[in-house]
Amino acid sequence: MIGRVLVGVWTRQCAALCLGLLTCITAQAASAVDCPGHPDALGTSRTLVVDPREHPRIGTMQYAETLPLADHEVVLTFDDGPLPRNSNQVLDILASQCVKATFFTIGRMAQAYPEGVRKLRDAGHSIGTHTQDHPLGMKRMPVERARQEIDEGIASVKAALGDDAALAPFFRIPGLSRADGVEDYLASQGIQIWSADFLADDWRHISSSRVYDFAMKRLEDKGRGILLLHDIQARTVAALPRILHELKARGYRIVHVVPATSERPATPTEPQQWQLHPPSETVAISHWPKIPAFVFAGADSLPVPSLSGSDWHDGGLALPEPFDRASRLAHGIPLPRQAPWPPLVSVGANALPVPAESIFDIQEKPRAAAQGGAPSSHHAEQTAPTVRETDGLAKLISADAADSRVISGSLPVVEPGLLPVPVEAR
Ligand SMILES: [Zn+2]
């Protein structure tokens, strides 16, 4: 009898083990099968269908919720494109690994390079928007102006796609410069705001090696999440193959996120899956510092994203640590881990640096913006924008940055040597 029971237990354990192995093998096989010619590709492990109306704000840098990812699952996002020279390379790299990502495109860029937006769609990536002109500091902008930026950006990308259904109701605020009015408007439109879980600082004037280091270090710290990159940056193009290779080597899996539709219901999830570190029953919450209720009444998001390393500059904007710490605790948001690298700049014992105001600081100015480059004559007749036209965009953004005084907002940082060139040259 005992022997029979033991056999039964062993059989069940074996069945579970075999099922697990089978699932593992199937997943690996699917990855290889889905990526012909690239048997060692990273692949896309699964597609996650989300309902923006149920979860209107995601990304633990600023919000209590993030995507319901399992440990070692990563969602790649790329902002500010399309810019053919670099965006096309990013597409090629992703295709070589059969990786699907989400692109937050700028309306002006979509107008300039509509074919670039269609390439994103044709490659099967998700496409969200990132305003029309990439204004800096949306949080200081009148709501009506912010609405206009959002709406025009969506209209421009839709026009480039020629297919409204190809655009996901996903939006990322330039520079993560959140504001209640902006968030309320987007929520009313059923548009999901994507902050991020970690950055790789690829808009800054750093080497591609540093971009790789930031990406992997911060991912390792969190274990899963949304990575924010910029497909318009050459250093991102240079870092991406190594990042994807290392993700594969370290056992990370790529998740592709798409919006729910009437034909495609949202992936079933539990509320706690949308929190990066859901409260544990073993955590003595009652022992945490008591928070005055009036401070946070009605707030469902943090004033600033969590900081990272060298991402900030303006110590004068620092919030008292107790506020930031208490705010996070009050909203169930994990406290930022102290990253041992890169070294933090000291701002005083009782203050945390505020990253939001400077995480997308413009570190470099377009050479052509300073030089006032002229279009080459043989490009003048092209319908695609000439260097001068895109240069104008860079100037516009540079002027905006100079005007804003308080540093904020990212932009399609058109680096020296990275000026967009006419489409026919791509
Ligand atoms: Zn941006």
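No value in this document is a laboratory result; all are computed from the given coordinates. Keep in mind the model is a prediction, meaning the values are calculated, not measured. A quick note on method: Cβ atoms are made from the backbone with ideal geometry, for glycine too, and the neighbour counts reach across all protein chains shown.
What is the log10 of I(q)/I(0) for the stretch 72-170, computed with the Debye formula using one identical point scatterer on each Cα and no solvent, at q = 0.17 Å⁻¹? The Debye formula, applied to the Cα set alone, gives -0.70. For the stretch 28-123, the share of alpha carbon pairs falling in successive 5 Å distance bins from zero is 2, 11, 18, 19, 18, 18, 11, 3, 0 percent.
Here the Karplus curve 6.51 cos²θ - 1.76 cosθ + 1.60, taken at θ = phi - 60°, turns the phi angles of the stretch 252-258 into couplings of 7, 10, 8, 10, 9, 10, 10 Hz, with x standing for Gly and Pro. So, counting K/R as plus one and D/E as minus one, what does the shell of residues with Cβ under 13 Å around Glu270 add up to? Local net charge: -2. I need to check one value: relative contact order of the stretch 100-227, counting alpha carbon pairs closer than 8 Å and at least 6 residues apart, in percent. Contact order relative to length: 23 percent. Rounded to 0.05, the FRET efficiency of the Glu263 and Glu54 pair, given R0 = 25 Å and the Cβ-Cβ distance, is 0.90. Treating each Cα of the stretch 165-242 as one equal point scatterer and applying the Debye formula with no solvent, the log10 of I(q)/I(0) at q = 0.14, 0.20, 0.23 Å⁻¹ comes out as -0.56, -0.92, -1.04. Which listed residue (Ala179, Ile127, Tyr212) has the Cα farthest towards the positive end of the charge dipole for the stretch 115-213, taking +1 on Lys and Arg C-beta and -1 on Asp and Glu C-beta about the Cα centre? So the residue we want is Tyr212. Around the amide H of Phe103, modelled in the peptide plane, lie the amide H atoms of Phe78, Ser126, Ile127, Gly128, all under 5 Å away and 5 or more residues distant in sequence or on another chain. Computed from backbone phi with θ = phi - 60° and the Karplus coefficients 6.51, -1.76 and 1.60, the 3J(HN,Hα) list for the stretch 154-166 is 5, 4, 5, 5, 4, 4, 5, 6, x, 7, 4, 5, 7 Hz; x is used for glycine and proline.
Near Gln275, the amide H atoms lying under 5 Å from its own belong to Thr66; only residues 5 or more places off or on other chains count, and H is placed 1.01 Å from N. For the stretch 223-272, the convex hull spanned by the alpha carbon atoms encloses 132 Å³ per residue. Residue by residue, the stretch 136-150 carries 3J(HN,Hα) couplings of 8, x, 4, 5, 9, 8, x, 4, 4, 5, 5, 4, 4, 4, 5 Hz when phi is fed to the Karplus relation 6.51 cos²θ - 1.76 cosθ + 1.60 (θ = phi - 60°); x denotes Gly or Pro. Dipole magnitude for the stretch 110-199: computed about the Cα centre from +1 point charges on Lys and Arg Cβ and -1 point charges on Asp and Glu Cβ, it is near 180 debye.
Here is the tail figure for the stretch 105-216: Cα pairs spaced more than 20 Å apart come to 45 percent of all pairs.
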